Amino acid sequence: MASNGGFRKIVVAYDGSNDSTKAVQVACLMALKFGSSVTVVHVYHSPSNVYAPGPGMPIPDFTDIESAAEEGGRAILARGLEAASKAGVKAKGELMESPSAVEAIVTFASQEGADLLVVGTRGMTGFKRMLVGSVSSGIVSHSSCPVLVVR
């Protein structure tokens with residue numbers, strides 16, 4: 001945390017959900033107050049990570065599907081950056097591919113030396129949220145910096 005009691009580097013997780021949009025808005029309000037930098041991060045999942053062929057089975061070409069997943073991730077990240085811009089902050093963006101959004105976000109925030117990690121309470125994953133807030137709960141449990149959860 002910055003010596004003035006503020007935050008120098010704020011990382012905000014964005015998945016396109018309403019709660020993550022609110023998280024971007026809150027992160028930007030804090031950035032304007034403290035003169036912080038903001039990085040909006042989005043994690044997408046590669047479909048090839050879930051396929052495990054049996055012995056002797058061919059490995060399919062996932063190139064088109066992986067490209068579509070990455071393109072979709074870029075579009076979602078662009079919406080997060082647009083939300084930051086509308087809130088008056090020129091944020092950086094970081095797109096990551098990982099089977100674990102929690103691990104990717106927590107690791108990124110740690111490597112960046114984030115002073116604060118901001119997340120929404122509910123995202124857009126799973127069967128309309130079997131485990132409500134599982135990503136935000138995981139981030140709270142594993143982050144090495146303070147976490148602000150926005151509802």
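We did not get these values from a lab; they are worked out from the coordinates using the rules stated. The structure presented is a predicted model; accordingly, all values stated were derived computationally and were not measured. For neighbour counting, all protein chains shown are included, and Cβ atoms are generated from backbone atoms with ideal geometry for every residue, glycine included.
Using θ = phi - 60° in the Karplus curve 6.51 cos²θ - 1.76 cosθ + 1.60, the 3J(HN,Hα) couplings for region 69-79 round to 5, 5, 4, x, x, 4, 5, 5, 4, 4, 5 Hz; x is entered for Gly and Pro. Work through the residues other than Gly80 whose Cβ is under 14 Å from its Cβ and net out their charges, Lys, Arg +1 and Asp, Glu -1. Charge balance in the 14 Å sphere: +2.
Close amide H pairs (under 5 Å, H built 1.01 Å from N) link Val150 with Val119, Gly120, Thr121, residues at least 5 positions away or on another chain. Remark on region 1-109: ratio of C-alpha radius of gyration to 2.2 N^0.38 Å is 1.30. When peptides 102-115, 10-23 are sorted by average Cβ neighbour count within 10 Å, with the highest value leading, the order is 10-23, 102-115. Straightening the chain between Leu95 and Ile65 buys 9.1 nm, computed as 0.36 nm per residue apart minus the Cα-Cα spacing. Candidate cross-link partners of Lys33 among the lysines, defined by an alpha-carbon separation under 30 Å and a same-chain spacing of 8 or more, comprise Lys9, Lys22, Lys86, Lys90, Lys92. Placing dummy labels 7 Å off each Cα toward the beta-carbon, the span from Ser46 to Leu148 is 3.4 nm. Karplus-derived 3J(HN,Hα) values for region 63-68, using 6.51 cos²θ - 1.76 cosθ + 1.60 with θ = phi - 60°, are 3, 5, 5, 5, 5, 5 Hz; glycine and proline are entered as x. When only alpha carbons are used to place a centre, region 8-28 and region 58-105 end up 14 Å from one another. Dividing the mean sequence gap of close Cα pairs (under 8 Å, 6+ apart) by how many residues region 1-109 holds gives a relative contact order of 33 percent.
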